[in-house]
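Taking it in order: structure first as structure tokens, then the write-up.
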Amino acid sequence: MGNRSSNNSNQKIGQEAKCPNCDRKFGPSTTYNLLNTHIDHCLQNQQQINNIGFQMPQPQVQLGDNYIWVKQNNQWKRVQSQVNGGQIQNLSVQEIKNRSFPEKQMWFNLQLEKFRIPWQLGSDKLNVNLNDLLQSSLISARNVNLYKEVKVVFQNDKVQDAGGLLREWLTLIFKEMCKDIFSLTETNDVTYKIAKQSQYFDLVGLAIAKALFERMNICVEFDRPLVKRLIGQEISFQDMQFYDKSLYLSWKYLLENQFDENSLQQYFIICKDDEIIELKQNGADILVTNQNKQEFVDLSIQFYSEKMISKQLGQIQNGLYKYIPKDYLNIFTAEEFEMILYGVSVVDLDEWKQHTTYKTPYADTSQQIKWFWKILSEFDQDQLKKFLHYCTGSYRIPVNGFSKLESNRGMYSKFQIIPIDYINANSFPIAHTCFNRLELPKYSSEEMMRKYLRSIVLNDLEGVFGME
């Protein structure tokens, strides 16, 4: 979250907190500046941390959610899930591989928490120039420790980050990369494949690592072969339909039918960008026959999914595996990993409403709240995603659903609507993305509220009006 005001240091923490060193308690009205100053002084007044045996906070063992979103047969649905973290956190990589997806997900999160450097020990800054987004992000990302709390600083922007801008940064860089180094796959799905060589694939790996570490979702989906390479699994023939549907169907026809070899006149070569590439030694002289066609298809798959992108793939893997152990990723199937990385691609308004809290005098019976949900029910899925992004910094929710939305430091923080006075000069709702809070003005009519809520989604506002 970032407050678009110059006195952000005076923002109140909004909930009870205590110093991790001396256990002094601070009330909700305490400012971030006062809390952080106390913690800094408290730690500095003792011996150096390395000499006093400062204990890193252990990951808190929590019971799993009572439901989780899963994607089955290309359809999202909620299923009951009762997972006890205490029973699975000590399982080995091999033992967890055979468990259910909810168990794998919780185990994965618990293992990553062991690497986290507490925010009380300081944060790193990610300095970003929006006019040179990818280059500035890459330079800065190489010099931060992603196990620490990372605060995003947009050059010439007054916003001070308390966590929400990290989600915004992830969205911005992946959108930008889809215009340049990734291109759409030749499928019916809106997924992306590697398009060319670029230094920015180093950034891709680091960004994916940070998203996984902070349990955030990215806004783009990759082709299935690339996903399987990232989690260390072999590519199957069926996977290629998620890369290039026409190519997959042509290979399928080739494998399932007998043909006249002389009329086909296909050799062990691939023509790409006016270049002839041999799939094996002397491939330009080897004719594809009914006897060797399986080898031709296998070598073609290897070329498209590995050899053609080996440098870019290596760049992504280096950045990703620097922070996320490859063995941890390998416990998931491709479908499971995609669910964790991308989140849920549908917005269930009933679920959103069910897991929303209100600050008095707002309540679910308040007239403004009734108008709010009625107006959102008029939105289509794209508009709901845009509004969700405005409120939380993400177009999607995690597989744990709205019941387990998290704040910037991994604490559960349900979506909350807070009343504020209506001001003619700026009547847009104010979103606090790091805490999943929306300050909703006390509009005097449904039409007036509709005007401002629809303006957010129709203009796809991203922090331009009211976002904090």
Computing the accessible area with a 1.4 Å probe over protein heavy atoms, can you report the carbon and sulfur percentage for the stretch 194-349?
45
By a straight-distance test (C-alpha under 17 Å), which lysines pair with Lys151 as possible cross-link partners, with residues fewer than eight away in the same chain excluded?
Lys125, Lys210
Limiting things to C-alpha atoms, what are the Rg and the maximum Cα-Cα separation (Dmax) for the stretch 227-333, in angstroms?
16.3, 52
With only Lys, Arg, Asp and Glu charged, each at its Cβ (+1 for the first two, -1 for the last two), find how big the charge dipole of the stretch 173-270 is about the Cα centre; round to the nearest 20 debye.
400
How much accessible surface does Glu278 have with a 1.4 Å probe, in Å² rounded to 10?
90
Quick one: what are the phi-derived ³J(HN,Hα) couplings along the stretch 311-321, Karplus 6.51/-1.76/1.60 with θ = phi - 60°, whole Hz, x for glycine and proline?
5, 5, 4, x, 5, 4, 5, 4, x, 5, 6
Violations at 22 Å Cα threshold for listed pairs Lys374/Lys451; Lys196/Lys252; Lys71/Lys404 -> Lys196/Lys252
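Leaving ligands, DNA and RNA out of it, rank Met240, Met411, Met448 by accessible area with a 1.4 Å probe, largest first.
On the way: Met240 0, Met411 100, Met448 50 Å².
Ranking Met240, Met411, Met448 by accessible area, largest first, yields Met411, Met448, Met240.
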How much accessible area does Phe259 have with a 1.4 Å probe, in Å² rounded to the nearest 10?
50
Around Tyr395, with a cut-off of 10 angstrom between Cβ atoms, what is the net charge of the other residues, counting Lys and Arg +1 and Asp and Glu -1?
+3
For the stretch 300-428, alpha-carbon Rg relative to the globular expectation (2.2 N^0.38 Å, N residues)
1.46
Per residue, in Å², the accessible surface of the stretch 372-422 once ligands and nucleic acids are set aside, probe 1.4 Å:
34
At what distance in nm do the modelled label points of Asn156 and Cys271 sit from each other, each positioned 7 Å from its Cα along Cα→Cβ?
4.9
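Taking Rh as the Kirkwood radius computed over C-alpha pairs, what is the Stokes-Einstein D of the stretch 290-348 at 20 °C in a medium of viscosity 1.002 mPa s, expressed in µm² per second? Before the final figure, lay out each step's value.
Numbers: Rh = 14.3 Å.
Calculated translational D: 150 µm²/s.
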If I model a spin label as a point 7 Å beyond the Cα along the Cα-Cβ vector, how far apart are those points for Ser310 and Gln291 in nm?
2.9
Residues of the stretch 91-113 with amide nitrogen under 19 Å from the 7 Å Cα-to-Cβ point of Gln354?
102
Ignoring ligands, DNA and RNA, how do Cys391, Cys271, Cys178 rank by accessible area with a 1.4 Å probe, largest first?
Cys271, Cys178, Cys391
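The values are calculated or read from the model by the stated rules, or taken from the named source; none is laboratory data. For clarity, every value in this text was computed on a predicted model and none was experimentally measured. Don't worry about glycine lacking a Cβ; one is built from the backbone with ideal geometry, like all the others, and counts go over all protein chains shown. The protein model used for the area step is the full one, side chains on, heavy atoms only, and it has no ligands, DNA or RNA in it. Shrake-Rupley method; radii C 1.70, N 1.55, O 1.52, S 1.80 Å.
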